[in-house]
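Below is one structure, written out as structure tokens; the observations come after it.
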Amino acid sequence: MPALNMCSVLFVGGGQREMGEEESGFVDMEWCLALPKIELHAHLNGSVRDATLLELAKDLGNKGVLVFSDVEHVIKKSDRSLAECFKLFDLIHIITTDHATVSRITKEVVEDFAAENVVYLELRTTPKTNETIGMTKSSYVEAVMKGLRAVETVEVVLSPCASTLEPEPSTSVNDASTKKKQGRIFVCLLLSIDRRETTASAMETVQLALKMRNQGVVGLDLSGNPITGDWITFLPALSCAREQGLPITLHCGEVRNPKEIKAMLEFCPERIGHACCLEDEEWKMLKSLNIPVEICLTSNVRTNSISSLHDHHFDDLYRVNHPLILCTDDVGIFSTSLSHEYYLAASTFGLSKAQMFELSRGAIRHIFAQDGVKAFLNEVFDSAQTGLLWRK
Ligand code: 6MZ
């Protein structure tokens, strides 16, 4: 390596490069794995490992709760319509919704994201109740927290919400000293409201999120089967969250529904997910309001919300510099990973390593955690930049 002096260092697009280094080749899967990444749209129960689901279903089969041979092929199937996805979610919820299992799947999901170099994860999940096992929305979220504390492979840092009145330090929640641990992942929770819920139930979730915003809950999500429920049902709860400064992301435009899409955009959430079925007027509105979009390529194509990757609105939004974040939605349901979504974007839309790096780093601007976390994440990207973009 040549001795470093002022003349031997070039500054390119914010990156630093030494003489003798050249831009390295095309984006491949290995590079996407090495890229630090930020995941902002991942549903807990959509991200469960197939192997875990099969193991749990077998156990329930042995206990006579379900017939394993009836569900095995449903879990293993990889191509699903949107309607079939929601049938599968109902099955997954039967399999996973007890406190111990919720903790287990949380631990595994976080470990899986960390293993592919996700450095900040906003994990979303719908707090559930089940009187027969004493589960309340609050105890469900406690079980998720327990899962975070159980993570073994990586240090888990919980960060409070950006709207927390008093700045609170981010804290490690698991034992950071074990030798087995490799690196660190920031994890925050979004509490989801399911479109099947009532106004009162949605309000309960908002109250829980507000109560837990010093403990890692950083915002709210509205999700669930887009052909059920009505936006107006959730508006009082979401408005209450808004008044208290809690950031909100909405599933918007997964199916055609101009009236609802317009109402959602008028609400001006901090982010929206999907935005597949917008018409001209709604596109213009989205762009003029500059609402960041969580893009889930594989999910949108698998569920037929978008006809093919080449027709995906990622291209249009990216070219006009609209804020967007590549996300997975449900790695388990769609057999994907965040690294694979980055690879798909690069290979489909012809993006370079420098462009992909900036796309990944750009997600930092849209996280819901406190600003201190943004500074830390920027440092992570600064230190990874030279190795990822230049070769000797
Ligand atoms: C809308 C979705 C979704 O909350 O039980 N969910 N909602 N569109 C999607 N695209 C395919 N994928 C997942 O995780 C599963 C729940 O997340 C929502 C659904 O409400 C599903 O029941 P949790 O952890």
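Throughout, read-outs are computed from the coordinates displayed, never taken from laboratory work. What you see is a predicted model, and the numbers here were worked out from it, not measured in a lab. Positions of Cβ are generated from backbone atoms using ideal geometry, with glycine treated the same way; all protein chains shown enter the neighbour counts.
Quick one: go through the range 200-220 and flag any residue whose amide nitrogen is under 14 Å from the point 7 Å out along the Cα-to-Cβ line of Thr164.
Counting only backbone N, you get 210-219.
So if we plug the beta-carbon distance of Ser81 and Asp230 into 1/(1 + (r/R0)^6) with R0 = 30 Å, what FRET efficiency do we get, rounded to 0.05?
Calculated transfer efficiency: 0.85.
Using mean Cβ contacts within 10 Å as the protection proxy, how do 262-269, 66-73 order, highest first?
262-269, 66-73
Using a simple spin-label model with points 7 Å from Cα along the Cα→Cβ vector, what separation in nm is obtained for Val320 and Asn257?
2.4 nm
Which stretch or stretches of the range 137-153 have amide N atoms under 20 Å from the point lying 7 Å from Asp175's Cα along the Cα→Cβ direction?
145-153
How many nm separate the modelled label positions at Gln207 and Asp90, each set 7 Å beyond the Cα in the direction of the Cβ?
A separation of 2.9 nm, rounded to one decimal place.
For the pair Gln355 and Glu379, what calculated FRET efficiency results from E = 1/(1 + (r/R0)^6), where r is the Cβ-Cβ distance and R0 = 30 Å, to the nearest 0.05?
Approximately 0.90, to the nearest 0.05.
Are any of the pairs Lys37/Lys77; Lys76/Lys146; Lys262/Lys287; Lys87/Lys128 more than 20 Å apart by Cα-Cα distance, and if so, which?
Lys37/Lys77; Lys76/Lys146
Is the C-alpha gyration tensor of the range 316-392 telling us rounded, prolate or oblate? Criteria: a/c under 1.5 is rounded; beyond that, a/b larger than b/c is prolate, otherwise oblate.
Rounded, because the longest to shortest axis ratio a/c is under 1.5.
Taking just the alpha carbons, could you work out the radius of gyration and Dmax for the range 351-391, both in angstroms?
Calculated on Cα positions, Rg and Dmax stand at 11.0, 35 Å.
Report, as a whole number in µm² per second, the diffusion coefficient that Stokes-Einstein gives for the chain at 37 °C and 0.692 mPa s using the Kirkwood radius over alpha carbon pairs.
Answer, rounded: 151 µm²/s.
Taking 0.36 nm per residue of sequence separation and subtracting the Cα-Cα distance, how much length would be gained by fully extending the chain between Glu266 and Met285, in nm to one decimal?
Taking Glu266 through Met285 to full extension adds about 6.0 nm, to one decimal.
Which order do peptides 361-374, 336-349, 31-44 fall in by mean Cβ count within 10 Å, highest first?
My ranking of the peptides, most packed first, is 31-44, 336-349, 361-374.
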